[in-house]
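Below: one structure, written as structure tokens.
The values are calculated or read from the model by the stated rules, or taken from the named source; none is laboratory data. Predicted, not measured: the structure shown is a model, and the values here were computed from it. Glycine gets a Cβ as well: all are built from the backbone with ideal geometry, and neighbour counts include every protein chain shown. Only protein heavy atoms, including side chains, enter the accessible area calculation; ligands, DNA and RNA are left aside. Shrake-Rupley method; radii C 1.70, N 1.55, O 1.52, S 1.80 Å.
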Amino acid sequence: YKPQYRSGKYVMLVIAIAYVVDMATGLNYDILVNSKLWKLHFYISVGLVAFFLPVTYLFVRWFSMMGSAYAILLSLTIYNLVRCVLLWWKYKFQPFSVKTLLILASGLGAYLATHFIVPPLDNMILDGLVKCSCFTVLFAVAVIGGKLSEDLSELYHSLLIILRIKK
């Protein structure tokens with residue numbers, strides 16, 4: 001990897017984590033904006049902007065380039081936490097379960113196994129392909145084998161039927 005890109009490696013990682021948090025609670029947005037709570041959600045969104053701007057300014061001053069990534073992570077985490085609490089309070093709706101934690105643990109385990117077991121390759125593209133493939137296989141085996149996601153298990157069994165491996 002080129003040295004000038006290394007400083008952005010952890011910035012991208014933190015921003016990716018922020019958007020994983022946002023994706024994990026993504027349906028909360030649709031539920032809130034299509035419910036009678038849409039006005040409240042609008043005010044929460046305005047509050048996010050009012051929070052994000054000064055936090056980003058301060059974090060960039062304190063942490064330089066990483067500050068922006070930390071501000072995005074903090075802002076999206078608080079925003080999504082507020083939406084989750086609101087859905088729980090008004091509708092007793094909780095999108096997470098114990099299986100959610102097991103899926104996260106499986107992802108972390110697959111990442112760590114890939115990171116520490118697969119040696120780095122000189123070719124960046126080949127390195128990325130090998131590591132992504134290993135991660136995908138390990139993660140899929142854990143999630144499908146552990147029956148952690150009904151949707152993914154159903155998709156897997158449908159694929160086996162289409163490929164005529166299973167009836």
**Item:** Tally of residues being open to solvent by 80 Å² or more (accessible area, probe 1.4 Å) and in a helix (DSSP H, G or I) across the stretch 104-129
**Value:** 10
**Asked** Within the set of pairs 6+ apart or on separate chains, which have a first residue in the stretch 102-116 that is farther than 13 Å from Leu148 by Cβ, a second that is open to solvent by 60 Å² or more (accessible area, probe 1.4 Å), and C-beta atoms under 7 Å apart?
**Response** Tyr111/Phe135; Ala113/Leu138; Thr114/Phe135; Thr114/Leu138
**Residue that is nearest to the chain's Cα centre (by Cα), among those in the stretch 1-11 that are loosely packed, with under 15 Cβ neighbours inside 10 Å and touching a residue at least 24 places away in the same chain (Cβ under 8 Å)** = Tyr10
**Message:** I'd like to check which helices (runs of 4 or more DSSP H) are fully inside the stretch 19-103 and have at least 2 residues that are in contact with a helix residue (DSSP H, G or I) (Cβ under 6 Å, 6 or more places away or on another chain) and hydroxyl-bearing (Ser, Thr, Tyr).
**Reply:** 65-91
**Request:** Answer yes or no: is there a residue in the stretch 140-157 that is at positive phi, open to solvent by 70 Å² or more (accessible area, probe 1.4 Å), touching a Ser or Thr at 6+ places or on another chain (Cβ under 7 Å) and not aliphatic (A, V, I, L, M).
**Result:** yes
**Sole residue being open to solvent by less than 70 Å² (accessible area, probe 1.4 Å), touching a residue at least 12 places away in the same chain (Cβ under 8 Å) and touching an Asp or Glu at 6+ places or on another chain (Cβ under 9 Å), chosen from Leu32, Leu48, Leu76, Leu37** = Leu76
